[in-house]
Structure formats: C-alpha cells, structure tokens
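The next block holds one structure in the form of structure tokens; read it before the comments.
Any read-out appearing in this document is the output of simple, stated calculations on the displayed coordinates, not a laboratory observation. Worth saying up front: this structure is predicted, and the values here are computed from it rather than measured. Cβ placement follows ideal geometry from the backbone for every residue including glycine, while neighbour counts extend to all protein chains displayed.
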Amino acid sequence: MGKLLLATLAVFLAPIVGGLIAGIDRKITARLQSRFGPPILQPFYDVFKLLGKAPMMMNPWQILTVWVYLLSSMLTVFLFFMGSDLLLIFFVMTIGAVFFVMGALSTQSPYAQVGAQRELITMLTYEPLIILVFVSIAMVTGSFKVSEVFAYGKPLLYQLPLMFIVLGYALTIKLRKSPFDISACHHAHQELVRGVLTEYSGPQLAIIEIAHWYDVVFILGLVGLFWATSAPGMIILLVVTYFAELVIDNVTARMTWKWMLQSVWCWGLALSVLNLLWLYAG
Amino acid sequence: MLKDWINKGRLKSPWVVHFDCGSCNGCDIEVLACLTPIYDVERFGILNIGDPKHADVLLVTGTVNHRNKHVLKNIYDQMPEPKAVIAMGACGLTGGVFREAYNVVGGVDKVLPVDVYVRGCPPKPEAIIDGVVLALEKVKAKLEAAG
Ligand code: SF4
C-alpha cells in the first residue's frame, strides 16, 4: 500500500521536479555561457503558453502518439517507484519512444522525417546500453526488481563503476544533449528545425515537453539506483552527474549519427564487457 | 486558474521566428546580437526558434517583394494563434531605400497585419527588445479585452 502511495505521489510530483530541473538546466547553461539566463520557472511558462495555443495538427495520429508517449512515460515513473521489474519498465519506455517517432513519421515534412530517422538511430544506440546496464545490475543484485536493488546493502557504484559511465552515455543521448543531440537539437535552425518536433505544435508540443520531464526523472532515478543505500550519497551522485551532463553539453559540438553509433557502441560495449569480466573474476 | 497560468506564460515566453525577406543582412546581425551575452534576450524567455509552428512572434526584416510575399504569408499562416508580427528596419517598414524598385511590394504591412514597427537602419538591439516587449503589451491588452 505504501508503495502504491509513493508511486502515485511520484507521478504527480515528477513533472514539477522535471520542470524545475529543466529550468535549473537552462540557468546553469546560461551561466556557463556568461549570460544571465531565464528564470528558473521558465519551462513552466513555456509549457503553459503552449497549452494555450490553438491546436494545429497534420493528422489525428499526432494526438494519439503524443498521448501514448506521455502515458508510457508516466507509467515508467510509476512502475519505477513501485519497485517493479527493470525490464518491464524498459519495454514501457520503448513503446513511448516508438510512438513519438511514429507521430513524426506520419507527417510529410522532410524535417520531421529526417528527425524521426535520427531519433530511431539514437534509440538503436542507447537501448542496448541500457539493457546491458540492467543486466549487470541483475548480475550484482540477483534480481531485475528495483525494490531488490534498493534492498541490496552496498552502493552498486563500487561494483559497476564502468556501467555507470555507460549509463551516462545513454543519459546524454536520452536528454538530447550535445554531442548526441542529432534528432531534435535546440540550435540547429538551418539544418533540422527541431527535427522530430518540427510538426508538433501548441498543446501537442507541451505534452511532449511534459513527457520529456517524466523521462528525465526516470533516468535520474536510474542514476540514483547506483547509490541506493544512502540519501545524501544519492543526491550528490545525481547532482554531480547532471552537472557533468551540462558541462559536456556546453563544451562539445553536435556530431553525426555515424560517429555517435560507432563511438557509443565501441566505448559502451568495451566498458560493459570490462565491467562484466571484472564481476566474474571478482 | 489554468487560464491565468496560460496568460502568464504568453507574456513570459515569446518565441520568435525570424524571417529575412531579402534584407541587406544589417538588421539580421542586430537580431542575432540580441542573443549574445551582452543583451541575452533569453532572460525574458525570448527564444529564437527556427520553426514557425512553435513560434509566437514573427520578426520580419528586409523588403517584401513579389516573389517572397507568398513565402512570408505561408510562414505567417503556419503559426498557431495567438501570434504577433514585428516589422523591422526601414526596409521592413516601408521598403526603405529599395521602395522604388520594380519588384518591391513595400513594407511588411502590405502583406500581413503588423503589430509593432521597429525603426532604424538597422535598429539597435535595444530597440528590437523594446519591440518584442511592446508586442507583448499588445498581446496583454488583447487578453484583457478578451477577459
Ligand atoms: S533597414 Fe537598413 S540595415 Fe535593415 S535591411 Fe534595410 S538597409 Fe539593411
């Protein structure tokens, strides 16, 4: 019963936390570029404004796809805080991502099409890595269940330091931070016009933004798993990881999808294999 | 309550799509100067966005001619309501030094309903920011009129 309450609470609080994180993200990014930056609440202003805009759809598919995306993101957060199975959570997350791409593919805009193809490639890049992270977690704790991971006595980071880096790669891709922001870059005006997001507008765009906040909360939850034993340790880990993401975002330029696929798979797989070998040997 | 928040958002996050109707590039450089750390328009939630479908404000520089007026109209039509138009520079206002050329239609207001005019050749970044703020005041007045 307590779990159910926690999970419901998490589903309600996640967009608020996610929005605040997005606001702090923009503020810190601005400070790193020696600008003053928007107010912390700016993402909320943006989303509320978008909700109030006149709807403008290409086809009814887009409405369905954004709602499925939002629901699946909510469900991932819910399942995560229920302490559910990591693999189940992974499948639910993937469904959302696939629907999001389908919405972009259902329009005829070349920008959306290119963005959708690139989004598919990014999914192809991060999903095997996330699966490997889950498998290694299961190897250490003996179960895929989040609740078991929390019950495990030691921080996972001690045994899976390299897997943590691998998760960092996946995090960068999922957060659409450079050098991996190839599908929906904020700044590629001339080239992509926001890629997958090109044909979504108004309320649909707002829903996507909210779903993205859920995703951020879920992924930070995954990061938190690596230091599940103590709350201060978990918070420090989250803050350090997110700040590292921001710095990477600001010091790197966007790369091509081929580079992404090659480097992320090479490094991700190499680090995973090393870490798994070490687990076996140890 | 939700409506209040939406109205607040409308005033706090104007996303600008910048369309160059064949300007000499002077105005456009000033627009981009607004994004630099000195002026940093993101402080006010202003983003320079590439996609008319996400934008709230259409910022037009340069003279409108018979060829690009269709493009301009098309971009305007792709923006969801509520939206505002800002015409910039002597060229955007009247056609500027090019107004007598055979291919020139004239100012932006020959094609679109313009809300705010920003004068200058080119206007200073401060004037552009003022223009966006003025456009927001007009939006606010409209919202209050609508209740
Ligand atoms: S107003 Fe002046 S600076 Fe602006 S486009 Fe015209 S000629 Fe160039």
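Things to note:
- DSSP-defined beta bridges in the protein assembly as shown - what % are antiparallel, rounded to 5: 15 percent
- Looking at chain B alone, DSSP beta bridges between its own residues are antiparallel in about 10 percent of cases.
- Both radii were evaluated on the Cα set of chain A; the Rg over Rh quotient, with Rh as the Kirkwood radius, amounts to 0.96.
- Cβ-Cβ FRET estimate between A:ILE236 and B:GLU100, R0 fixed at 60 Å, reported to 0.05: 0.35
- Whole-number percent relative contact order across segment B:6-50, with pairs defined as alpha carbons under 8 Å at least 6 apart: 57 percent
- Contact order for chain A, expressed relative to its length and based on alpha carbon pairs under 8 Å spaced 6+ residues apart, stands at 26 percent.
- Along segment B:111-123 the Karplus relation, 6.51 cos²θ - 1.76 cosθ + 1.60 evaluated at θ = phi - 60°, assigns HN-Hα couplings of 10, 10, x, 8, 8, 9, 10, 10, 7, x, 9, x, x Hz to successive residues, with x for each Gly and Pro.
- The gain in end-to-end length when the A:TRP278 to A:TRP265 segment is fully stretched comes to 2.7 nm, 0.36 nm per residue minus the alpha carbon separation.
- Converting the Cα gyration tensor eigenvalues of segment A:107-222 into ellipsoid dimensions via √(5λ) gives semi-axes, longest first, of 33, 15, 11 Å.
- D_trans [Stokes-Einstein, Kirkwood Rh over alpha-carbon pairs] for segment B:88-146, 4 °C, 1.567 mPa s, µm² s⁻¹: 104 µm²/s
- Computed from the C-alpha gyration tensor, the three semi-axes of the ellipsoid equivalent to segment B:50-104 are 23, 12, 7 Å, from longest to shortest.
- Residue with peak Gaussian network fluctuation, chain B [Cα springs, cutoff 10 Å], from B:ILE49, B:ILE128, B:ILE38: B:ILE38
- Among the chymotrypsin sites (Phe, Trp or Tyr not before Pro) within segment B:61-144, those in coil by DSSP and having at most 15 neighbouring Cβ atoms inside 10 Å are B:TYR102.
- If the convex hull is drawn through the Cα atoms of segment A:173-253, its volume per residue in Å³: 90 Å³
- Stokes-Einstein translational diffusion, segment B:1-72 - Kirkwood Rh over all Cα pairs, 1.306 mPa s, 10 °C, in µm²/s: 117 µm²/s
- 10 Å-binned pair-distance histogram of segment A:77-129 (Cα, whole percent): 23, 42, 26, 9, 0
- Relative contact order for chain B, counting Cα pairs under 8 Å that sit 6 or more residues apart, in percent: 24 percent
- Put the Cα centre of segment A:6-41 next to the Cα centre of segment A:142-221 and the gap is 14 Å.
- The stretch between A:ALA244 and A:TYR158, if pulled fully straight at 0.36 nm per residue, gains 29.0 nm over its current Cα-Cα span.
- Across the options A:ALA10, A:VAL149, A:THR29, the greatest Cα extent toward the positive end of the charge dipole of segment A:1-160 (unit charges at beta carbon of Lys, Arg, Asp, Glu) belongs to A:THR29.
- Unsatisfied cross-links (Cα-Cα over 26 Å) in the set A:LYS27/A:LYS145; A:LYS49/B:LYS138; B:LYS53/B:LYS138; B:LYS3/B:LYS83: A:LYS27/A:LYS145
- Percent of Cα-Cα distances greater than 15 Å, calculated over segment A:1-64: 67 percent
- Under 16 Å from the B:LYS8 label point (7 Å along Cα→beta-carbon), backbone N, segment A:15-35: A:16-17, A:19-20, A:23
- Partner shielding of A:31-38 amounts to 4, given as the average count of beta-carbon atoms from other chains within 10 Å of each residue beta-carbon.
- Translational diffusion of segment B:20-137, µm² s⁻¹ [Kirkwood Rh, Cα pairs; Stokes-Einstein; 10 °C; 1.306 mPa s]: 112 µm²/s
- Loop-located GluC sites (Glu not before Pro) across segment B:48-147 with a Cβ neighbour count of 11 or fewer within 10 Å are B:GLU100, with loop assigned by DSSP.
- Here segment A:32-119 was treated as a single set of alpha-carbon atoms; its pair distances binned every 5 Å from 0 give 3, 13, 14, 15, 17, 16, 14, 8, 1 percent.
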